[in-house]
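Take a look at the structure below.
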Amino acid sequence: MDRTFFWRKGDWGGYFGLLANNLTNLLTMIGLLLFVVGFPEDIVYGRIAPAFGLAVFSASLAYTYFAYRLVKATGRSDVTALPSGPSSPSIFTVTFLVILPVYLQTQDPEFAIQIALVWCVVEAAILGFGSLVGETIRRTIPRTVLLSCLAGLGLLLLAMNPMLQSFEAPTVAFAVLALIFINWFGKKPILPKIPTGFLLLATGTTLAWVFGLQSPAAVAASLSTFGFNPPSLHVTSFLQGLPHALPYLASAVPLGLANYVFDLENIESAHAAGDPYPTRQVMMANGLCSALGAMFGNPFPVTVYIGHAGWKSIGAGTGYTLFTGISMLLVTLFGLGAFLLALIPMVAVVPILVYIGVVTCNQVVRESPKNEVPVIFITMFPWIANWALTLTNNTLAAAGTAANTIGLDTLAHKGVYYQGLSNLGNGAPLSSMTWGCIAIFAITDRPIRGAIAALVGAVLTFLGVIHAHTVGIAQPHAMPILYGYCMIAGIFGLKHYLNQRDERLMATASPVGE
């Protein structure tokens, strides 16, 4: 096979961007487990982190294999592999909804991990079983909806925080952003013989050290995490957790469905960019890699990362995914994550994520018919509310209070419609898709499908999967939303009836006209 399959010029930018995203999630996971939960370092660095790296590495191997098959089948040289990594929402969910409460109650880290491993396997099972119908769902839901939901995710969850970080360190990030705009958005790059990804990293790192944003003391402190920690099987831990895990699995179902939707959207994005990967096999691979990681002690599932279109636009091929997986395995085996981030500033890398988020949004605008463009903005609302809800909750928590303590009326008088944020923002992946389907079937005059989409929204609301912060049947605050979905279905039903009546009248009138 052509050696450019494993590495080409565009892989530099893809590698640094995807690796930074993975390292950020790794260090977030380590920080939460060490400083929020209070786990011992030997469990976090010696058991969970190596299994975490193994899961990402196995997924990157699977995606490389899928890219290899696509190259063999098509003979193309511009195939871009899917990006791999851990599920970012799962890191927070499994930590705060499973590990933390179990550990606080029992003060037993082994037992907390056992429960979390069962939770991860349930997530993997949802992906595995869902893969059987994933291709059908992907073909049933219009492309505009899938890509629009992904655009909301890309803009709000991938690009927004990196942009905020960029404005906290403008002496570094602004120069990197300018290089991105010129080299990746523009037609005439600066220093075209130097890979742009390397140029961005070198520029940002140099500026960060020049302006004193990086500390030699932090580099020295990071050396304490060095050590060789190979992953080891923990099947017994999983089996021991099975009888006790049921009360904590309610959160696994909606998040598993959300990860399922993420995979569908990202696979559709790859299709739209010209790389038609097999939906069933990709989702099955994610389920198997997540289960593999759980068997070695990692409770966090892996997924298809957002940004395929962005990585493809900068010329990335397969190497960026393959070598990110290899790097993540080595980093976790030898405890190098803290050292790398002490040496290379995140603010030098996060502008790349801004670029990927923007390209993800641009893809849906480019691929959507003009009359369907409103769908893009309608699907954004749940993601905007989700981002604002997270920001609001984190701010209140930092102040040592909560929305109910302050009072919803008090917040509303200050222009913070917290109940609306909670209703709209919770379950954003599925509610975004639901409203996208409602909008597009209204625009394209397919009322039966619109009614079905509204009724699906009603069922998900009744179960507490969307518009609720916890799963629960017929929660009082959700019932008005359920009734609203039923009214939408009724309106679509009326529209179908009127369409049928008009068709009958036209059919009756035609012979008279002749």
> Among the candidates Glu123, Glu135, which residue alone is in contact with a Gly (Cβ under 7 Å, 6 or more places away or on another chain) and acidic (Asp, Glu)?
Replying inline: Glu123
> Using beta carbons and a limit of 8 Å, which pairs, at least six apart or on different chains, have the first residue in the stretch 324-335 and under 10 Å from Tyr45 (Cβ atoms) and the second one among the β-branched types (Val, Ile, Thr) and surrounded by 24 or more Cβ atoms within 10 Å (Cβ to Cβ)?
Replying inline: none
>> I'm told Ser431 meets every condition in (1) among the hydroxyl-bearing types (Ser, Thr, Tyr); (2) farther than 24 Å from Met163 by Cα; (3) free of Cβ contacts under 8 Å to residues at least 12 places away in the same chain except one. Can you identify the failing condition by its number?
In response: (3)
> Does the stretch 2-12 contain at least one residue that is assigned to a helix (DSSP H, G or I), touching a helix residue (DSSP H, G or I) at 6+ places or on another chain (Cβ under 7 Å), buried (at least 16 other Cβ atoms within 10 Å of the Cβ) and modelled with pLDDT under 85?
Replying inline: yes
> Here is a list of conditions, (1) crowded, with 17+ Cβ neighbours inside 10 Å; (2) outside any helix (DSSP H, G or I), and Ile190 meets all of them except one; can you say which number that is?
Replying inline: (1)
> Do we find that Leu18 is touching a Cys at 6+ places or on another chain (Cβ under 9 Å) and closer than 14 Å to Ser327 by Cα in this structure?
Replying inline: no
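For the structure I just gave you, tell me whether Phe377 is surrounded by fewer than 23 Cβ atoms within 10 Å (Cβ to Cβ), at pLDDT 90 or above and over 22 Å from Met479 (Cβ atoms).
Here the answer is yes, as Phe377 does meet what is asked.
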>> Looking at Arg143, Arg139 in this structure, which one is of a type in the set (Lys, Arg), touching a residue at least 60 places away in the same chain (Cβ under 8 Å) and either over 30 Å from Val210 (Cβ atoms) or surrounded by 24 or more Cβ atoms within 10 Å (Cβ to Cβ) (or both)?
In response: Arg143
> Hey, does the stretch 67-79 have a residue that's of a type in the set (Val, Ile, Thr), outside any helix (DSSP H, G or I) and assigned by TED's automatic domain parsing to the domain that holds Lys9?
Replying inline: yes
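For the stretch 363-373, does any single residue satisfy the condition of being under 29 Å from Ala218 (Cα atoms) and of a type in the set (Val, Ile, Thr)?
Scanning the stretch 363-373 turns up no residue that is under 29 Å from Ala218 (Cα atoms) and of a type in the set (Val, Ile, Thr).
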> Restricting to the stretch 380-391, what's the tally of residues that are surrounded by fewer than 18 Cβ atoms within 10 Å (Cβ to Cβ) and of a type outside the set (A, V, I, L, M)?
Replying inline: 2
>> Just to be sure I understand, how many residues within the stretch 196-227 are of a type in the set (S, T, N, Q), under 27 Å from Ala178 (Cβ atoms) and part of a helix (DSSP H, G or I)?
In response: 4
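In the stretch 80-94, what count of residues is obtained for those that are buried (at least 24 other Cβ atoms within 10 Å of the Cβ) and part of a helix (DSSP H, G or I)? Can you show your working first?
We begin by selecting, within the stretch 80-94, every residue buried (at least 24 other Cβ atoms within 10 Å of the Cβ); these are 80-87, 90, 94.
Narrowing further to those that are part of a helix (DSSP H, G or I): 90, 94.
Adding up the residues that qualify gives 2.
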> Within the stretch 438-455, restricting attention to residues that are of a type in the set (A, V, I, L, M, F, W, C) and surrounded by fewer than 24 Cβ atoms within 10 Å (Cβ to Cβ), which residue is nearest to the chain's Cα centre (by Cα)?
Replying inline: Ala439
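Can you say whether Ile481 is buried (at least 18 other Cβ atoms within 10 Å of the Cβ) and in contact (Cβ under 8 Å) with a residue 24 or more places away in the chain, as far as the supplied structure shows?
Yes.
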> Given the conditions (1) surrounded by 14 or more Cβ atoms within 10 Å (Cβ to Cβ); (2) within 24 Å of Phe334 (Cβ to Cβ), which single one is not true for Pro216?
Replying inline: (1)
> How many residues, within the stretch 108-141, are outside any helix (DSSP H, G or I) and at pLDDT 85 or above?
Replying inline: 1
>> So, in the stretch 154-182, how many residues would count as being within 23 Å of Val210 (Cβ to Cβ), in a helix (DSSP H, G or I) and in contact with a Leu (Cβ under 8 Å, 6 or more places away or on another chain)?
In response: 8
> Restricting the first residue to the stretch 105-124 and requiring it to be over 16 Å from Leu292 (Cα atoms) and outside the structural domain of Ser290 (by TED's automatic domain parsing), which pairs with a second residue that is surrounded by fewer than 20 Cβ atoms within 10 Å (Cβ to Cβ) and at pLDDT 85 or above meet a Cβ separation below 9 Å and a spacing of at least six or different chains?
Replying inline: none
>> Which numbered condition in (1) out of contact with any helix residue (DSSP H, G or I) (no Cβ under 6 Å at 6 or more places or on another chain); (2) surrounded by fewer than 21 Cβ atoms within 10 Å (Cβ to Cβ) is the only one that Val37 fails?
In response: (1)
> Asn423 is checked against (1) crowded, with 19+ Cβ neighbours inside 10 Å; (2) on the phi > 0 side of the Ramachandran plot; (3) at pLDDT 90 or above and fails just one. What number does that condition carry?
Replying inline: (2)
> Only one residue in Ser77, Ser60, Ser88 is over 24 Å from the mean Cα position of the chain (by Cα), of a type outside the set (Phe, Trp, Tyr) and within 23 Å of Val304 (Cβ to Cβ). Which one?
Replying inline: Ser77
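Going residue by residue through the stretch 456-474, is there one that turns out to be part of a loop (DSSP other than H, G, I, E, B), assigned by TED's automatic domain parsing to the domain that holds Thr379, farther than 28 Å from Phe92 by Cα and over 23 Å from the mean Cα position of the chain (by Cα)?
Taking the stretch 456-474 and keeping what is part of a loop (DSSP other than H, G, I, E, B), we get 464-474.
Then drop every residue that is not assigned by TED's automatic domain parsing to the domain that holds Thr379, which leaves 464-474.
Subsequent filtering for residues that are farther than 28 Å from Phe92 by Cα retains none.
No, the stretch 456-474 contains no residue that is part of a loop (DSSP other than H, G, I, E, B), assigned by TED's automatic domain parsing to the domain that holds Thr379, farther than 28 Å from Phe92 by Cα and over 23 Å from the mean Cα position of the chain (by Cα).
The values are calculated or read from the model by the stated rules, or taken from the named source; none is laboratory data. Computed from a predicted model, the values in this text were never measured in an experiment. Positions of Cβ are backbone-derived with ideal geometry, glycine not excepted, and every protein chain shown enters the neighbour counts.
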